[in-house]
Amino acid sequence: MRGSYCGPSYGSSSDFDAELVETVTAKMKRGKAAGLDGITAEHLQYSHPLVACVLTKFFNGMVKLGHVPASFGQAYTVPLLKTGSSAYGKSVTVNDFRRISISPVISKVFEHCILDHYSTLFTSSDNQFGFKKQSGCAQAIYVFRRVIDHYANSGSTVNVCAIDVSKAFDKTRSPASAGIANRPLVFLGFF
């Protein structure tokens, strides 16, 4: 253990088991592209049951050592034509594409094992609407409208600032934007 670590010690009750790895592997979608390692979900789903045991030992070792292989962070990006865009009706521009990253399947299995096994530790604010189950834009708009109505009905002036950042995230990276994309994002708070 690291000397500066101040969390609870790691015990065997925190270990992943082969059943979890098999369950996660079985739930993975078939027919998806292979990562840079050339392994697909089908390779793991149709492999010998011993592979789940080996992956379990591998994942538990990674957690105990606190180290993830560099290859887990390597992916390749594929531009896909957005839904509703047609390559036949007009000239296609960079704005008509969205990017997807193809990651190694074993890293996805590890990620889903962590999400399943430690889900109680991953909590988020009630004010977060994106990237949560049974939550999204409709709930965010409802809460926004309720807050506006509350202050407007009590006679307060309501000032709203909206920033459209969709163009910042919904483009294929070009050399001109490479310097901007590597800078950290700054979010504005409402006072």
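The values are calculated or read from the model by the stated rules, or taken from the named source; none is laboratory data. Everything quoted here is computed from the prediction, not taken from an experiment. Heads up, the Cβs are rebuilt from the backbone with ideal geometry, glycines too, and the neighbour counts pull from every protein chain shown.
Odds and ends about this structure:
- Qualifying residue in the stretch 152-173 (condition: modelled with pLDDT of 90 or more, assigned to a helix (DSSP H, G or I) and over 25 Å from ASP96 (Cβ atoms)): yes
- Selection count where residues are surrounded by 12 or more Cβ atoms within 10 Å (Cβ to Cβ) and either of a type outside the set (A, V, I, L, M) or not in a loop (DSSP other than H, G, I, E, B) (or both), scope the stretch 31-56: 16
- Selection of the stretch 97-136 for residues being within 13 Å of the chain's Cα centre (by Cα), part of a loop (DSSP other than H, G, I, E, B) and hydroxyl-bearing (Ser, Thr, Tyr) yields only SER103.
- Given (1) free of Cβ contacts under 8 Å to residues at least 24 places away in the same chain; (2) out of contact with any Asp or Glu (no Cβ under 8 Å at 6 or more places or on another chain); (3) assigned to a loop (DSSP other than H, G, I, E, B), index of the condition SER85 fails: (2)
- Exactly one residue out of PHE191, PHE187 is of a type outside the set (Ser, Thr, Tyr), closer than 30 Å to ILE100 by Cα and at pLDDT below 80: that is PHE187.
- Subset of the stretch 75-111 that is surrounded by 15 or more Cβ atoms within 10 Å (Cβ to Cβ) and at pLDDT below 90 - its residue that is nearest to GLY61 (Cα to Cα): ARG98
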